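Asks: One structure, pasted below without further comment.
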Amino acid sequence: MRPMTREEVRGAIVNQDPATKKIRLPVWFDDVRWHRIDYLGWRDLSSPKRAYVVTEADGQARGVLLRQAPNDSAHGSRAMMCDLCRFARRFNEVSLFTAQRPSRDKRARLNAVGLLLCTDLDCAVKVHGKPVREAFDRPADEIIRSRREGLRSRTIAFVRSVAEPRRP
């Protein structure tokens, strides 16, 4: 992913809540290693249930505001899979996040898209992890490259699904 400016990231959020005056960027924004990530994801420290995901799609920055739903303890110790990185993790490490579709019509604001996502938004770390290989598997760098391509394409598809109006 190419490096982005603070203004570019703030302007990329397609479903920004009208009540939110300012998007708070993470304190580590200046230390981002852009070549190692496929999306920029962070939690809003002033509102712990709010998160942001920004990626590059069609040559421009596009992102969404997400809200985390409460984790259901009924899942016990079951594993759940993140919809973006496709890694299975413990139920408390994956959460349901929803993104409101942007609309000026107040009745349409109830329209939301959801996905299961790593709670700490660390999909890039998981994707870059060294894979367990057998003798007949592809080389490790090829596996990591295909993981990154999948993560990137699923992230872009999700951001587009939020930004584009729903078809009847």
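The values are calculated or read from the model by the stated rules, or taken from the named source; none is laboratory data. If you're wondering where the values come from, they're calculated on a predicted model, not measured in any experiment. Neighbour counts run over all protein chains shown; Cβ positions are idealised from the backbone, glycine included. These accessible areas exclude ligands, DNA and RNA; they are computed on the full protein's heavy atoms, side chains included. Shrake-Rupley method; radii C 1.70, N 1.55, O 1.52, S 1.80 Å.
Asks: What residue, among those in the range 20-38 that are outside any loop (DSSP other than H, G, I, E, B) and either in contact with a strand residue (DSSP E or B) (Cβ under 9 Å, 6 or more places away or on another chain) or touching a residue at least 24 places away in the same chain (Cβ under 8 Å) (or both), is most open to solvent (accessible area, probe 1.4 Å)? Break it down into steps so the answer makes sense when it comes.
Replies: Kept after step one, since they are outside any loop (DSSP other than H, G, I, E, B), are these residues of the range 20-38: 29-31, 34-36.
Adding the requirement that they be either in contact with a strand residue (DSSP E or B) (Cβ under 9 Å, 6 or more places away or on another chain) or touching a residue at least 24 places away in the same chain (Cβ under 8 Å) (or both) leaves 29, 34-36.
Numbers: 29: 12, 34: 28, 35: 122, 36: 95 Å².
This residue is 35.
Asks: How about the range 77-113: which of its residues are at pLDDT 90 or above and farther than 20 Å from residue 40 by Cβ?
Replies: 81, 96
Asks: Within the range 1-19, work out how many residues are open to solvent by 20 Å² or more (accessible area, probe 1.4 Å) and in a loop (DSSP other than H, G, I, E, B). Give the steps one after another, and end with the answer.
Replies: At the first step, the residues of the range 1-19 found to be open to solvent by 20 Å² or more (accessible area, probe 1.4 Å) are 1-3, 5-8, 10-11, 14, 16-19.
Pick out the ones that are also in a loop (DSSP other than H, G, I, E, B) and you get 1-3, 5, 14, 16-19.
Residues in the range 1-19 being open to solvent by 20 Å² or more (accessible area, probe 1.4 Å) and in a loop (DSSP other than H, G, I, E, B): 9 in total.
Asks: A follow-up question, please. Please report, ordered by residue number, the strands (runs of 3 or more DSSP E) entirely within the range 39-100 with at least 3 residues that are buried (at least 16 other Cβ atoms within 10 Å of the Cβ). Lay out the reasoning, then the answer.
Replies: On the way: elements: 40-43, 50-57, 60-68, 79-81, 88-90, 94-100.
In the range 39-100, the matching strands (runs of 3 or more DSSP E) lie at 40-43, 50-57, 60-68, 94-100.
Asks: What are the pairs with Cβ atoms under 7 angstrom where one residue, in the range 83-97, is more than 22 Å from residue 128 (Cα to Cα) and the other, located anywhere, is open to solvent by 20 Å² or more (accessible area, probe 1.4 Å)? Sequence gap at least six, or different chains.
Replies: 96/69; 96/114; 96/116; 97/67; 97/68; 97/114
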